[in-house]
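Each remark here refers to the structure printed beneath this line.
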Amino acid sequence: MQSQPKWAWWIVGIVIPVIGIVVTIWAANPSSDSGTADAGTDRPPAATGTGSGSRPGPTGPPQAAPPAADVPRKVLVGPVEVTIDGAKSYLELDTVPPMATQSNKSADVVALVNVGDPSLQSEGSTKTIGLLPPEGADPAPADCEEAVDKRGTYNSGELARGTRLCVETDEGHMAYLRVVSGVSISAPVRFQVTVWE
C-alpha cells in the first residue's frame with residue numbers, strides 16, 4: 001500500500017480551511033454594486049436606517065418612512081399591556097397590537113428574563129433604546145426621539161417596576177414602554193406600551 005505524500009496533508013490541513021474562511025468572509029460582505037460603498041473612495045456607506053441612523057435599514061420590502069421632523073407623530077397603538085416571559089421573550093412593536101413572540105423574526109427587542117437581572121436588549125445590539133428618568137409624565141414622541149438620539153443604548157440595564165424607556169423600531173416607529181409588574185427571573189414582565197407612527 002502506498003502512503004500519501006506529505007504535501008497532501010498540507011492541502012487538507014491548511015489550504016482548504018483557509019479557502020473556506022476566505023469564501024465565508026467574502027460571502028458575508030455585501031457586494032460593491034449594492035450601493036453600500038462608493039467605489040474608489042474611503043467614505044463609509046450611506047446610512048439606510050431611519051431616525052437616529054444607528055440602526056441598519058430593513059432587508060425586506062421597503063417600509064413606510066417615519067413622518068418628517070415638523071409633522072407630529074400619530075399614535076399607532078396604545079397604551080396597551082404586553083406581557084413577556086421565558087417562553088415569549090421577543091417583543092415586536094410594529095404590529096397592532098404590539099406582541100410578545102417566541103421568534104426574533106422582525107422583533108425589536110428581546111427580554112433577558114431567564115438569566116441574571118431582567119433587562120431588554122435591542123435586536124442586533126443596535127443603539128435603539130433610550131432610557132428615561134423613572135419619574136415624570138409620559139413622554140411625547142419628540143421626547144422619545146431625543147432619548148434615543150442622545151442617550152441611545154443597546155441594553156436597558158436592570159428592569160424594575162416603573163422603568164421607562166423608548167425604543168426606535170426597525171420600521172422607524174417610536175415606542176414608549178413602562179414596566180408595570182413582574183421583574184424577577186420567575187415572573188413574567190408586563191409593560192404598558194404606546195407606539196407612534
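The values are calculated or read from the model by the stated rules, or taken from the named source; none is laboratory data. Because the structure is predicted, anything quoted here is derived from the model rather than measured. In this analysis, Cβ positions are derived from the backbone assuming ideal geometry, glycine residues included, and neighbour counts consider all displayed protein chains. Note: accessible area is taken over every heavy atom of the protein model, side chains too, but ligands, DNA and RNA are not part of it. Shrake-Rupley method; radii C 1.70, N 1.55, O 1.52, S 1.80 Å.
Per-structure values
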read-out	value
Residues that are at pLDDT 90 or above, surrounded by 14 or more Cβ atoms within 10 Å (Cβ to Cβ) and farther than 16 Å from Asp108 by Cα, drawn from the stretch 152-163	Thr163
Yes/no for Val189 being within 17 Å of Gly116 (Cβ to Cβ), open to solvent by 30 Å² or more (accessible area, probe 1.4 Å) and of a type in the set (A, V, I, L, M)	no
Lone unmet requirement of (1) modelled with pLDDT under 85; (2) assigned to a loop (DSSP other than H, G, I, E, B) for Lys88	(1)
Close pairs from the stretch 168-190: first modelled with pLDDT of 85 or more, partner hydroxyl-bearing (Ser, Thr, Tyr), Cβ under 6 Å, at least 6 apart	Glu168/Thr128; Gly172/Thr50; Tyr176/Thr194; Val179/Thr163; Arg190/Thr83; Arg190/Ser181
Out of Val183, Val179, Val148, Val167, sole residue that is touching a Phe, Trp or Tyr at 6+ places or on another chain (Cβ under 9 Å) and either over 16 Å from Pro118 (Cα atoms) or open to solvent by 30 Å² or more (accessible area, probe 1.4 Å) (or both)	Val167
